[in-house]
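I have placed the structure first, in the form of structure tokens, so that the comments after it can refer back to it.
The values are calculated or read from the model by the stated rules, or taken from the named source; none is laboratory data. Since the structure is predicted, the reported quantities are computational estimates derived from the model, not experimental observations. Cβ atoms come from the backbone with ideal geometry, glycine included; neighbour counts cover every protein chain shown.
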Amino acid sequence: MSLIKSISGIRGTIGGKVNDNLTPLDVVKFASAFGTWLQNTQNKKNLTLVIGRDARISGEMVSSLVTATLQGLGINVVDLGLSTTPTVEIMVPELNADGGIILTASHNPKQWNALKLLNGKGEFISGDDGAKVLALAENEDFNYAEVDDLGKYETRNDAFDIHIQQILDLPMVDVEAIKAKKFKIVLDAVNSTGGIAIPMLLDKLGCETVKLYCEPNGQFPHNPEPLKEHLGDICELVKKENADLGIVVDPDVDRLALIDEKGEMFGEEYTLVAVADYLLKHKKGAAISNLSSSRALRDVARSHDSEYFASAVGEVNVVNLMKEKNAVIGGEGNGGIIYPDLHYGRDSLVGAALFLTHLAKEGKKVSELRAGYPSYFMGKKKIELTPEINVDDILAKMEKEYQNEEVSTVDGVKIDFENNWVHLRKSNTEPIIRIYTEAYTQEEADKLGDDIIAKIKSLI
């Protein structure tokens, strides 16, 4: 089992020993550190934090621990209960709160949970701030409130309504165009909170929703990462129902994958490509993704006389570059759409609304829309880490090994060959080296990944 402390939060498996797993003591310590950091940086009393959780089994327990800890520090808590990552992000500034905590391990299996930390803008805290929170947790330098100064607690049950209405009010979301198409959509929400939020949105857009795994009980019916190998059930159901498309979200609803009317994957990399295609037709400006995302976004941006830039991997890094370039659209190739006209966070709900607007206006089937984009294929592999493996040493050796190619060390090592590329980086959330490849065929992408793995093993 594992406990991973990073600048973006704390993530681990439930149960086990303190400091080795996400135990109640670890939850309390880290919540105390974040609350203390906020108190140290805010020149005001009566701080308020918004919290929300996905539907995983441990969520209620972890939420209770976080809530009680924050109240013990004298911090007020607004609890959204079952929610989504983008909904919590929306509600922090909506409620004029001082920060937020999202309780979710995103695409990780059910034994995992995590605390993700938001600032007063509803955005993930910076790397520097995250390091300060980690230092506070390590030192356990906490000062809890006396009995008359304990934080207050309240719940809200209108967060989804507020989030969805903000999406419907966006000028680039054409509600009437979508309603006119009367789309039939199959939804796989992996038995988490997308099963609540996405049908609410689709109902407002006049769509018929066929629900698959939409009971928010945390019993994930398949691996919750929305990859092709995990999505056979929805692919079959889209064909059986003669649906227009399928929508898949991960447990905290910040990643959006699409299935075409033939039951084929649209490609998680192409969610962002399609949304960017729609937006950049109407507004020139930069498109941003990370170094591990497809070249297809670059190609589409250039087709609209717009610029493309790549950041280091990580939502915070994408957001920072988006702000620097005043980007129209950004995100990550894992299906994460960041639309700054709404908020600076990955959001499957706004991604779905923008994609459906694009689909409605184009008057095409999903497969026809996909066929119009540059065709690249990605491979995603990984090497499990053991304590004796020195990742930095491996990456340095790989950089030297391919020094005659175009190499970037902004984030791990990315090697750009003429017709394909590979990106090696240590994961922030799991004890692995991630190996991303892209080429003109799937076979070529997979072979490149296997060749790189063999090369790495020869260097260990």
*Failed condition for Pro199, given (1) part of a helix (DSSP H, G or I); (2) surrounded by 23 or more Cβ atoms within 10 Å (Cβ to Cβ); (3) not polar (S, T, N, Q), with all others met?*
(2)
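Hey, can you tell me all the residues within the range 17-28 that are surrounded by 16 or more Cβ atoms within 10 Å (Cβ to Cβ) and part of a loop (DSSP other than H, G, I, E, B)? Working first, answer last.
First pass over the range 17-28, keeping only residues surrounded by 16 or more Cβ atoms within 10 Å (Cβ to Cβ): 21-23, 26-28.
Of everything in the range 17-28, just one residue is surrounded by 16 or more Cβ atoms within 10 Å (Cβ to Cβ) and part of a loop (DSSP other than H, G, I, E, B), namely Thr23.
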*Any pair with Cβ under 7 angstrom, 6 or more apart, that starts in the range 408-435 at a residue that is of a type in the set (Asp, Glu) and ends at one that is surrounded by fewer than 16 Cβ atoms within 10 Å (Cβ to Cβ)*: Asp416/Glu405; Asp416/Glu406
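Okay, residues lined up against (1) at pLDDT 95 or above; (2) of a type in the set (Lys, Arg):
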{"site": "Asn119", "(1), (2)": "yes, no"}
{"site": "Glu123", "(1), (2)": "yes, no"}
{"site": "Gly127", "(1), (2)": "no, no"}
{"site": "Gly130", "(1), (2)": "no, no"}
{"site": "Glu146", "(1), (2)": "yes, no"}
{"site": "Lys152", "(1), (2)": "yes, yes"}
{"site": "Thr155", "(1), (2)": "yes, no"}
{"site": "Asp161", "(1), (2)": "yes, no"}
{"site": "Gln165", "(1), (2)": "yes, no"}
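Residues that are of a type in the set (A, V, I, L, M), crowded, with 22+ Cβ neighbours inside 10 Å and in contact with a Gly (Cβ under 9 Å, 6 or more places away or on another chain): find the strands (runs of 3 or more DSSP E) completely inside the range 213-305 holding 3 or more of those.
Working: elements: 245-249, 256-259, 287-290.
Correct list: 245-249, 256-259.
So, Asn191, is that one of a type outside the set (A, V, I, L, M), out of contact with any strand residue (DSSP E or B) (no Cβ under 8 Å at 6 or more places or on another chain), outside the structural domain of Thr104 (by TED's automatic domain parsing) and crowded, with 22+ Cβ neighbours inside 10 Å or not?
Numbers: of a type outside the set (A, V, I, L, M): yes; out of contact with any strand residue (DSSP E or B) (no Cβ under 8 Å at 6 or more places or on another chain): yes; outside the structural domain of Thr104 (by TED's automatic domain parsing): yes; crowded, with 22+ Cβ neighbours inside 10 Å: yes.
Answer is yes for this residue.
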*Would you be able to say whether some residue in the range 359-376 is under 30 Å from Leu279 (Cα atoms) and under 20 Å from the mean Cα position of the chain (by Cα)?*
no
*asked:* For a quick check of your reading of the model, give me the residue pairs whose first member lies in the range 62-90 and is in the same structural domain as Ile338 (by TED's automatic domain parsing) and at pLDDT 95 or above, whose second is surrounded by fewer than 20 Cβ atoms within 10 Å (Cβ to Cβ) and of a type in the set (Val, Ile, Thr), with beta-carbon atoms closer than 9 Å and at least 6 apart or on different chains.
replied: none
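Per-residue answers, yes or no, for (1) surrounded by 18 or more Cβ atoms within 10 Å (Cβ to Cβ); (2) closer than 23 Å to Ile338 by Cβ:
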site: Asn108; (1), (2): yes, yes
site: Lys116; (1), (2): yes, yes
site: Asp128; (1), (2): no, yes
site: Ala137; (1), (2): yes, no
site: Glu140; (1), (2): no, no
site: Asp158; (1), (2): no, no
site: Gln166; (1), (2): no, yes
*Output the number of residues of the range 114-138 satisfying the condition of being within 18 Å of Leu22 (Cα to Cα) and either in a loop (DSSP other than H, G, I, E, B) or among the acidic types (Asp, Glu) (or both).*
1
*Among the residues of the range 323-343, write down those that are closer than 16 Å to Phe124 by Cα and surrounded by 24 or more Cβ atoms within 10 Å (Cβ to Cβ).*
Gly330, Gly331, Glu332, Gly336, Ile337, Ile338, Tyr339
*So is Ala97 touching a Gly at 6+ places or on another chain (Cβ under 9 Å) and either assigned to a strand (DSSP E or B) or buried (at least 24 other Cβ atoms within 10 Å of the Cβ) (or both) or not?*
no
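Of all residues in the range 56-109, which are of a type in the set (A, V, I, L, M) and under 15 Å from Asp158 (Cα atoms)? Step through it out loud before you land on a result.
The first filter runs over the range 56-109 and keeps only residues of a type in the set (A, V, I, L, M), leaving 57, 61-62, 65-66, 68, 70, 73, 75, 77-78, 80, 82, 88, 90-92, 95, 97, 101-103, 105.
Result: Val78, Leu80, Leu82, Val88, Ile90, Met91, Val92, Leu95.
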*Scan (1) modelled with pLDDT under 95; (2) touching a Phe, Trp or Tyr at 6+ places or on another chain (Cβ under 9 Å); (3) under 24 Å from Val413 (Cβ atoms) for the single condition Gly267 breaks and write down its number.*
(3)
*Check the range 227-245 and report whether any residue there is within 19 Å of the chain's Cα centre (by Cα) and closer than 16 Å to Ala55 by Cβ.*
no
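Condition check ((1) at pLDDT 95 or above; (2) out of contact with any strand residue (DSSP E or B) (no Cβ under 8 Å at 6 or more places or on another chain); (3) buried (at least 16 other Cβ atoms within 10 Å of the Cβ)) across all residues:
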{"site": "Leu356", "(1), (2), (3)": "yes, yes, yes"}
{"site": "Val366", "(1), (2), (3)": "yes, no, yes"}
{"site": "Lys380", "(1), (2), (3)": "no, no, yes"}
{"site": "Pro387", "(1), (2), (3)": "no, yes, no"}
{"site": "Val407", "(1), (2), (3)": "no, no, no"}
{"site": "Glu418", "(1), (2), (3)": "no, yes, no"}
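Got at least one residue in the range 18-34 being hydrophobic (A, V, I, L, M, F, W, C), at pLDDT below 95 and out of contact with any strand residue (DSSP E or B) (no Cβ under 8 Å at 6 or more places or on another chain)? Let's see the steps before the verdict.
Let us first name the residues in the range 18-34 that are hydrophobic (A, V, I, L, M, F, W, C), namely 18, 22, 25, 27-28, 30-31, 33-34.
Now restrict to residues that are at pLDDT below 95: 18.
If we keep only those that are out of contact with any strand residue (DSSP E or B) (no Cβ under 8 Å at 6 or more places or on another chain) as well, we get 18.
Taking every residue of the range 18-34 in turn, at least one turns out to be hydrophobic (A, V, I, L, M, F, W, C), at pLDDT below 95 and out of contact with any strand residue (DSSP E or B) (no Cβ under 8 Å at 6 or more places or on another chain).
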*Can you spot a residue in the range 307-317 that is surrounded by fewer than 19 Cβ atoms within 10 Å (Cβ to Cβ) and among the acidic types (Asp, Glu)?*
yes
